[in-house]
Amino acid sequence: MFLARDNEIKELENKYRTGNFEFAIIYGRRRIGKTRLIEEFAKGKECIFFAAMKDSNRNESLIQLSKCISGSDEENFPVFQSFQSAFHRIAEMAMNRRLIFVIDEFPYLEDKDGYFSSLLQNTIDREFKETQLFLIISGSAVSFMEDNVLGYKNPLYGRSTLILKLQNFDYYDTARWFPQYSPYEKAILYGITGGIPYYIEQFSPELNLKDNLRINFFNSNSVLFNEVDNLLKEELREPGTYKEIISAIANGKTKYTEIADALGMKSGSLDKYLKILIQLKIISKKTPIGSDEKKSIYYVSDLYFRFWFFFVPRNYSAILSRRIQKAFDIAVWRLINDYMGAVFEIIAREFLEYRDPDLPILPSEAGSWWGGNPKTKKECEIDIVIKSATDDSVIIGSCKFRNIVIGLDELKLMEEYADAMGTRGKRYYYFFSLSGFSESLIATKSDTIRLIDIDSLYSIEPN
């Protein structure tokens, strides 16, 4: 199934229709669907698709490229003497007809000395620009692509005509994969997969959500059970250390010093690990809106990783012994709403920032806020804060993924918290609820108080 990449396909098609030389760079984290997007775009078009292989030497890669150019499935095919001659042949093929040439996972092909970037740059300038070739290179190593391909010091800098950084699907597009699910199930699906296409594809449309969850997460032979270890091993040199860091953050060690102490690391030695995990978008750093860096905390922002570290370690023995299948309702399902609390905040923020057709302000800064209340001397927290780009107006959001309705007391609490935060302009209060609202809160609805239940998140037409 291919869904929710309409804009990317449209941009690729627009470039394809020019008939001129075009050069697209497509990148994004592993499992995000880069290859699938390229394959969908290339359907029905003449295409040379060359997938670079990890740890292949230059000669092995040349043989594979030669086979791709020949289009032969036979064992005997002409092998080019060099990459220069192979690229020259591609230029000849594209001289009078539209041809797509894809180098998938370009970072696997590149040498430390930047040989292939230099070779491509030279070939683009001397040959490809005079042809009808549509060149596409893709890569999963995000930091490599941004630093060593898109970076201004790279030979390819400034030569691409289209750059697509693929993101995970948001909560709304994730739900399109399983339209038969209830809004409650759609939200949990997003909280489990984080909108990563490869993870969503592991779920069968023939099974209900609970059965899909049992089979795909709480089974030691499943892809999603093993994905954390596999992904860390593919991406990192010290997967064990990174896993310990993610585990510490997932278990409440959110401040820098807390993480370092939990791992027995000296101050400063943790920096490089956190930087890489942030680049991989497995963790993120956030600061209360309007506050300084001293109050910053780290959290697991990749929802797949967050779900895995919330449920798998505590049930590891039961999973390996297969006892989890009988204990699933008690060990997992009864805790789903607890896990989904933070996910529901992400869903609500995505709705406000990208899909609410009636947003009362032009948003600028968005996040959350926590701090002390000078009146009560207690700590307080606001789930969602969105500032206006044009004045001092602000959206104050509260999210509750619970089996109880939200009442008038929550409005009073948010008013108190907004006072503590020190907002000066007009306030718009948004309340997001799994189970609805009390009659007294419903009676307060106005242009500044909006109530949104989970059904509305999936029924309101997006912008």
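The table for this structure:
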read-out: Out of ASN230, ASN212, ASN226, sole residue that is part of a helix (DSSP H, G or I), more than 30 Å from GLY436 (Cβ to Cβ) and modelled with pLDDT of 95 or more; value: ASN226
read-out: GLU415 surrounded by fewer than 19 Cβ atoms within 10 Å (Cβ to Cβ) and either of a type in the set (S, T, N, Q) or more than 30 Å from VAL300 (Cβ to Cβ) (or both); value: yes
read-out: Filtered residues of segment 173-184 (kept if open to solvent by less than 10 Å² (accessible area, probe 1.4 Å) and of a type in the set (Ser, Thr, Tyr)); value: THR174
read-out: Candidates ASP170, ASP211, ASP147 - the one that is of a type in the set (Asp, Glu) and surrounded by 19 or more Cβ atoms within 10 Å (Cβ to Cβ); value: ASP170
read-out: Helices (runs of 4 or more DSSP H) wholly inside segment 270-383 containing at least 1 residues that are exposed (fewer than 14 other Cβ atoms within 10 Å of the Cβ) and free of Cβ contacts under 8 Å to residues at least 40 places away in the same chain; value: 271-279, 316-320, 324-331, 336-350
read-out: Which numbered condition GLU206 fails, given (1) open to solvent by less than 10 Å² (accessible area, probe 1.4 Å); (2) free of Cβ contacts under 8 Å to residues at least 12 places away in the same chain; value: (1)
read-out: Which numbered condition VAL223 misses (of (1) closer than 19 Å to GLY341 by Cα; (2) among the hydrophobic types (A, V, I, L, M, F, W, C); (3) surrounded by fewer than 17 Cβ atoms within 10 Å (Cβ to Cβ)); value: (1)
read-out: Wholly enclosed helices (runs of 4 or more DSSP H) of segment 1-105 bearing at least 2 residues under 30 Å from the mean Cα position of the chain (by Cα), at pLDDT 95 or above and crowded, with 16+ Cβ neighbours inside 10 Å; value: 6-16, 34-42
read-out: Conditions (1) within 22 Å of the chain's Cα centre (by Cα); (2) surrounded by fewer than 17 Cβ atoms within 10 Å (Cβ to Cβ); (3) at pLDDT below 95: number failed by SER267; value: (1)
read-out: Pick from segment 238-262, criterion over 22 Å from the mean Cα position of the chain (by Cα) and open to solvent by 50 Å² or more (accessible area, probe 1.4 Å), ranking: nearest to ASN216 (Cα to Cα); value: GLU238
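The values are calculated or read from the model by the stated rules, or taken from the named source; none is laboratory data. Quantities reported herein were computed from a predicted structural model and do not represent experimental measurements. Because the Cβ atoms are built from the backbone with ideal geometry, glycine has one as well, and the counts that use them run over all protein chains shown. Side chains included, ligands, DNA and RNA excluded: accessible areas come from the protein's heavy atoms. Shrake-Rupley method; radii C 1.70, N 1.55, O 1.52, S 1.80 Å.
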